[in-house]
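Undergrad: Before we start, here is the structure in question, set down as structure tokens.
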């Protein structure tokens, strides 16, 4: 393992016993559900049904869904400070800052994967004579633009919560204990994937969804370790979800602001095939991209 890779977790070696990590995960879960229960109860008392709003397939519902990840930030921050005596920013890397150069650079990776998948999809649709795209917010751009800016902030809260937990807390603390890639990256990524299991919506495709998400998580872990900073993982996750929430997606709660809807049954073989295809292309692109991603010396400055 290179010096740069070790720099991501070297500062997290103290107060890092196994019992602290396990207790930390338990406390994060408790804090999350306690805050969600408290906010939900308060709003129910005021006559507001958050669950109904979330299922309304509206921008408001999407905003609530994204903001529901904020308690994860709170839980991770508390655990990092109380159990490990470190600031939340320590999870970003040795500089204690998100590397925004890496964040923006990651957009190129996501665009490459999405365009490749889209070209192959369009070729298949052309040969099969299908048309799966249906106009949605493209016919109401004023409302789309009105929600765009605040929703970008809410999206950062959502993806950031998952990143600081899986690519930050778990990857860093397990690696700092000497855990190999299997324990520090693969296992948390499998858990990350399983949390996306939704058989009611996707049917048999739910397993492909879990596998795709788990592989994506492993790529994010590998990128984070390679660069010694969580910035690229933030960027990969952010721009991936940005396309799914703002450009095209299924006609469901997450598709409230997409410009186009995909007129597909989530349980159809085409959806499952697209998940597998995107996973394969993302994996190939990663192995090519990691060789070309140059790290500038100014990007790895340690906190003084």
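Undergrad: Taking only region 61-96 into account, find how many residues are outside any helix (DSSP H, G or I) and free of Cβ contacts under 8 Å to residues at least 60 places away in the same chain.
TA: Of the residues in that region, 2 qualify.
Undergrad: Please find, among 70, 9, the residue that is closer than 23 Å to residue 159 by Cα, surrounded by 15 or more Cβ atoms within 10 Å (Cβ to Cβ), in contact with a helix residue (DSSP H, G or I) (Cβ under 8 Å, 6 or more places away or on another chain) and modelled with pLDDT under 95.
TA: 9
Undergrad: Mind telling me which of the residues 223, 215 ends up being under 16 Å from the mean Cα position of the chain (by Cα), assigned to a helix (DSSP H, G or I), at pLDDT 95 or above and farther than 30 Å from residue 147 by Cα?
TA: None of the others qualify; the one that does is 215.
Undergrad: Right, something else. Checking the conditions here, which among 164, 132, 111 is at pLDDT 95 or above and in contact with a helix residue (DSSP H, G or I) (Cβ under 9 Å, 6 or more places away or on another chain)?
TA: After ruling out the rest, the residue left standing is 164.
Undergrad: Scan 23, 35, 104 and give me the residue that is under 22 Å from the mean Cα position of the chain (by Cα), at pLDDT 95 or above and part of a helix (DSSP H, G or I). Steps first, please.
TA: Working: 23 fails: under 22 Å from the mean Cα position of the chain (by Cα); 104 fails: at pLDDT 95 or above.
Answer to the check: 35.
Undergrad: Which of the residues that make up region 79-108 are closer than 20 Å to residue 16 by Cα, touching a helix residue (DSSP H, G or I) at 6+ places or on another chain (Cβ under 6 Å) and surrounded by fewer than 22 Cβ atoms within 10 Å (Cβ to Cβ)?
TA: The answer is 83, 86, 88, 94, 96.
Undergrad: Go through region 39-60 and give me each residue that's assigned to a helix (DSSP H, G or I) and either over 25 Å from the mean Cα position of the chain (by Cα) or under 24 Å from residue 96 (Cα atoms) (or both).
TA: Result: 41, 42, 43, 44, 45.
Undergrad: Which residues, taken from region 193-212, are under 15 Å from the mean Cα position of the chain (by Cα), more than 19 Å from residue 277 (Cα to Cα) and either modelled with pLDDT under 95 or in a loop (DSSP other than H, G, I, E, B) (or both)?
TA: Step one: filter region 193-212 for residues under 15 Å from the mean Cα position of the chain (by Cα), giving 193-197, 209-212.
Then drop every residue that is not more than 19 Å from residue 277 (Cα to Cα), which leaves 194-195.
Within region 193-212, just 195 meets the criteria.
Undergrad: Yes or no: region 8-19 includes at least one residue that is in a helix (DSSP H, G or I), out of contact with any strand residue (DSSP E or B) (no Cβ under 7 Å at 6 or more places or on another chain) and under 30 Å from residue 259 (Cβ atoms). Spell out how you get there, then give the answer.
TA: So the first thing to find is which residues in region 8-19 are in a helix (DSSP H, G or I), and the list is 8-10, 18-19.
Within this subset, residues satisfying the condition of being out of contact with any strand residue (DSSP E or B) (no Cβ under 7 Å at 6 or more places or on another chain) are 8-10, 18-19.
Still in the running and under 30 Å from residue 259 (Cβ atoms): none.
No: zero hits.
Undergrad: Also: Kindly establish whether residue 23 is surrounded by 12 or more Cβ atoms within 10 Å (Cβ to Cβ) and touching a helix residue (DSSP H, G or I) at 6+ places or on another chain (Cβ under 6 Å).
TA: Values: surrounded by 12 or more Cβ atoms within 10 Å (Cβ to Cβ): yes; touching a helix residue (DSSP H, G or I) at 6+ places or on another chain (Cβ under 6 Å): no.
Against the criterion (surrounded by 12 or more Cβ atoms within 10 Å (Cβ to Cβ) and touching a helix residue (DSSP H, G or I) at 6+ places or on another chain (Cβ under 6 Å)), residue 23 does not qualify.
The values are calculated or read from the model by the stated rules, or taken from the named source; none is laboratory data. As the structure is a prediction and not an experimental result, all values here were calculated from the model. All Cβ positions, glycine included, derive from the backbone under ideal geometry; neighbour counts span all protein chains shown.
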